[in-house]
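Written below as structure tokens is the structure these notes are about.
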Amino acid sequence: MSEAFILALDQGTTSSRAILFNAAGEMVSVAQKELTQYYPQAGWVEHDAQEIWAAQVGVAAEALANARVTAKNVAAIGITNQRETTVVWDRATGHPIHRAIVWQDRRTAQACQKLRDDGHADLIRSRTGLLLDAYFSGSKVRWILDNVPGARERAERGELAFGTMDSWLIWNFTAGKVHVTDVTNASRTMLFNIHSLQWDDELLALLDIPRSMLPEVRSSSEVYGHTQASHLGGPIPIAGVAGDQHAALFGQQCIAPGLVKNTYGTGCFMMMNTGDTPIASSNQLLTTVAWQVGGRTQYALEGSIFVGGAVVKWLRDGLGLIRQSSDVAALAGQVSDNGGVYLVPAFAGLGAPHWESQARGTLVGATLGTTAAHVARAALESICYQTVDVLRAMQADAGLRLAELRVDGGATVNPLLMQFQADVLGVSVVRPRITETTALGAAYLAGLAVGYWSSPEALQGQWQMERTFDPAMAPDVAQRHLAGWQRAVATARFWATAQGAD
Ligand SMILES: Nc1ncnc2c1ncn2[C@@H]1O[C@H](COP(=O)(O)OP(=O)(O)O)[C@@H](O)[C@H]1O
Ligand SMILES: O=P(O)(O)OC[C@H](O)CO
């Protein structure tokens, strides 16, 4: 038989990608399509689920065509996806009943506050490992049921299905025959008990969500179904599913307890493998399922930063300071430091470890001497400071000090960002040869399920370092920067609480 490949589908916040990998874990071809972002009101973010499906199947076909590979040479498909983003569709027609509500969307912040005021936060934390926040899918599903006319009645009659993007794509690839998700995506819904690995009836009752809407929960590495032949020219087993941050942890080979990765995409997501035991955080981090592979469930601690690389998109699209994202390094590089300017990019509230949902973007320290270059620098630095806050919380929870931080994601191409990250962390930042580790992780999960690779351990030789950024800043200078950042965060929090906020 001619060479076989694994196709990874990475359905991200800003784009849908398809990447074909060979047995050595090398990228053979890539196709990508940007997604439309809808901002119908301040704090709301939506996606068109039909556009996502069309884009995903389109890039999958393109990746195969680019490599002149046909479906019969694809051993399996692995799916990885932006997590929490919520779509509800009609089981009979397959049509979404509302645009997908994206993880960044804050429309349910008040509803979550009400649940907190009513004393439900501890129950949610103990069952799901999550903080009670609008970030997760649960309150978004409820919003759709409460706001789309007739939705609740239809859901109660069993006519509607809920899913995150993995479920939605599998449903479409299998023409509505398979309605599943995996444990990692389920663990981000605020409806899933991470200890029993089951949907939690008490939480479903609390959020008034009928169980009949929910997908069946499966492991992260098994055959869920086959693609309809019409989509990619032949049936292909879909054999791996994981939320993108979980897939990145797997792709970075962080398969042993204590290993940590940070992904710099739209947001920044740091995860530490904690092994077979879920660790409850004392520092406002999330406890989540890392993956379930070969009957073994591993857990992770996570620090979720809502605005990471998105701050660069904001410099480009919101402020018009740069024409393309890659221009940011040159603009920020025009000045040797931030000139006392700090930007807290709390555009969607602050995530870990602050969890201040009412915070908004805050620029402090500007003078008449402040230029666009200082703002660009402050924007890049904000990604790094947020990462320091999360890493400190994680080290405190785990009781260890990290030797190095493995990084990946779109923004890691920026050397200025990576060097400043090492400087303020005081820890080496290690960039692997393949920074598409999210897709690679999904490919691994799928390949393991169909015997394309024999075991997670057998993959370990594939991880290769491309470049290490060692700390080069004097510790007292780093401390001064971090102190400035802390004051800026305090200002953002004051702004949120003093106003009563909206
Ligand atoms: N040179 C750069 N410097 C910093 N950030 C960048 C650069 N190029 C792209 N980005 C940011 O990286 C993000 C895209 O990364 P990606 O991993 O594709 O994200 P996602 O999976 O969230 O869609 C965007 O937010 C973009 O602004
Ligand atoms: O699409 P990304 O890479 O920004 O990841 C989004 C996260 O999964 C949201 O929790």
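The values are calculated or read from the model by the stated rules, or taken from the named source; none is laboratory data. As the structure is a prediction and not an experimental result, all values here were calculated from the model. Heads up, the Cβs are rebuilt from the backbone with ideal geometry, glycines too, and the neighbour counts pull from every protein chain shown. Surface accessibility is based on the protein's heavy atoms, side chains included, excluding ligands, DNA and RNA. Shrake-Rupley method; radii C 1.70, N 1.55, O 1.52, S 1.80 Å.
Things to note:
- Residues in the stretch 80-97 that are under 30 Å from Leu249 (Cα atoms) and more than 16 Å from ligand 2 (Cβ to nearest atom): Val88 only.
- Evaluating Phe347 against the criteria (1) more than 16 Å from ligand 2 (Cβ to nearest atom); (2) touching a Phe, Trp or Tyr at 6+ places or on another chain (Cβ under 8 Å); (3) open to solvent by 50 Å² or more (accessible area, probe 1.4 Å) leaves one unmet condition, (1).
- Figure legend. Inter-residue proximity from the stretch 436-461: first residues closer than 21 Å to Ser15 by Cβ, second residues part of a helix (DSSP H, G or I) and open to solvent by 10 Å² or more (accessible area, probe 1.4 Å), beta-carbon distance below 6 Å, spacing 6+ or different chains. Indicated pairs: Thr438/Asp244.
- Criterion (within 30 Å of Phe5 (Cβ to Cβ) and either of a type in the set (Val, Ile, Thr) or in a helix (DSSP H, G or I) (or both)) met by exactly one of Val407, Val429: Val407
- Condition met for Leu380 (open to solvent by 40 Å² or more (accessible area, probe 1.4 Å) and either small (Gly, Ala, Ser) or within 13 Å of ligand 1 (Cβ to nearest atom) (or both)): no
- There is no residue in the stretch 306-325 that is open to solvent by less than 10 Å² (accessible area, probe 1.4 Å) and assigned to a strand (DSSP E or B).
- Any hit, the stretch 44-61, residues being closer than 30 Å to Ser454 by Cα, more than 13 Å from ligand 2 (Cβ to nearest atom) and open to solvent by 10 Å² or more (accessible area, probe 1.4 Å): yes
- Here Ala60, Ala75, Ala109, Ala67 are screened, and the one residue that is of a type outside the set (Phe, Trp, Tyr), touching a residue at least 40 places away in the same chain (Cβ under 8 Å) and closer than 26 Å to Trp143 by Cα is Ala109.
- Restricting the stretch 415-448 to residues that are of a type in the set (S, T, N, Q) and more than 16 Å from ligand 2 (Cβ to nearest atom), the residue that is surrounded by the most Cβ atoms within 10 Å (Cβ to Cβ): Gln421
- A search for C-beta distances below 8 Å between a residue of the stretch 289-317 that is within 16 Å of Pro278 (Cα to Cα) and any residue that is of a type in the set (S, T, N, Q) and open to solvent by 30 Å² or more (accessible area, probe 1.4 Å), counting only pairs 6+ apart in sequence or on different chains, returns Gln298/Gln292; Tyr299/Thr277.
- Within the stretch 108-122, being among the small types (Gly, Ala, Ser) and out of contact with any helix residue (DSSP H, G or I) (no Cβ under 7 Å at 6 or more places or on another chain) holds for Ala109, Gly119, Ala121.
- Qualifying residue in the stretch 143-152 (condition: open to solvent by less than 10 Å² (accessible area, probe 1.4 Å) and either at pLDDT below 95 or under 28 Å from Leu9 (Cβ atoms) (or both)): yes
- Residue check, Leu402 outside any helix (DSSP H, G or I), more than 30 Å from Ile238 (Cβ to Cβ) and either hydrophobic (A, V, I, L, M, F, W, C) or touching a residue at least 24 places away in the same chain (Cβ under 8 Å) (or both): yes
- Among (1) part of a loop (DSSP other than H, G, I, E, B); (2) touching an Asp or Glu at 6+ places or on another chain (Cβ under 8 Å) - the single one Ala422 does not satisfy: (1)
- Top-ranked residue in the stretch 161-210 [being on the phi > 0 side of the Ramachandran plot and not aliphatic (A, V, I, L, M); ranked as least open to solvent (accessible area, probe 1.4 Å)]: Gly176
- Here the condition is being farther than 23 Å from Phe306 by Cβ, open to solvent by 40 Å² or more (accessible area, probe 1.4 Å) and within 16 Å of ligand 2 (Cβ to nearest atom); of Lys33, Lys72, it holds for Lys33 alone.
- Taken over the stretch 251-284, the criterion of being within 16 Å of ligand 1 (Cβ to nearest atom) and either out of contact with any helix residue (DSSP H, G or I) (no Cβ under 8 Å at 6 or more places or on another chain) or outside any loop (DSSP other than H, G, I, E, B) (or both) is satisfied by Gly251, Lys261, Asn262, Thr263, Tyr264, Cys268, Phe269, Met270, Met271.
- Residues considered: Tyr385, Tyr452. Of these, the only one that is at pLDDT 95 or above and open to solvent by less than 10 Å² (accessible area, probe 1.4 Å) is Tyr385.
- Meets criteria (crowded, with 24+ Cβ neighbours inside 10 Å and at pLDDT 95 or above) for Val87: yes
- Restricting Gln395, Gln358 to residues that are more than 16 Å from ligand 1 (Cβ to nearest atom) and without any contact (Cβ under 8 Å) to a residue 12 or more places away in the chain narrows the list to Gln395.
- Options Leu368, Leu363, Leu301; residue that is surrounded by 24 or more Cβ atoms within 10 Å (Cβ to Cβ) and away from ligand 1 (no atom under 16 Å from the Cβ): Leu301
- Single residue of the stretch 105-127 satisfying the filter (in contact with a Gly (Cβ under 8 Å, 6 or more places away or on another chain) and in a loop (DSSP other than H, G, I, E, B)) that is surrounded by the fewest Cβ atoms within 10 Å (Cβ to Cβ): Arg107
- Only one of the listed residues (Ala248, Ala280, Ala229, Ala256) is among the small types (Gly, Ala, Ser), open to solvent by 20 Å² or more (accessible area, probe 1.4 Å) and touching a Lys or Arg at 6+ places or on another chain (Cβ under 9 Å). That residue is Ala280.
- When the stretch 10-60 is filtered for residues that are within 17 Å of Phe173 (Cβ to Cβ), among the acidic types (Asp, Glu) and away from ligand 1 (no atom under 15 Å from the Cβ), nothing remains.
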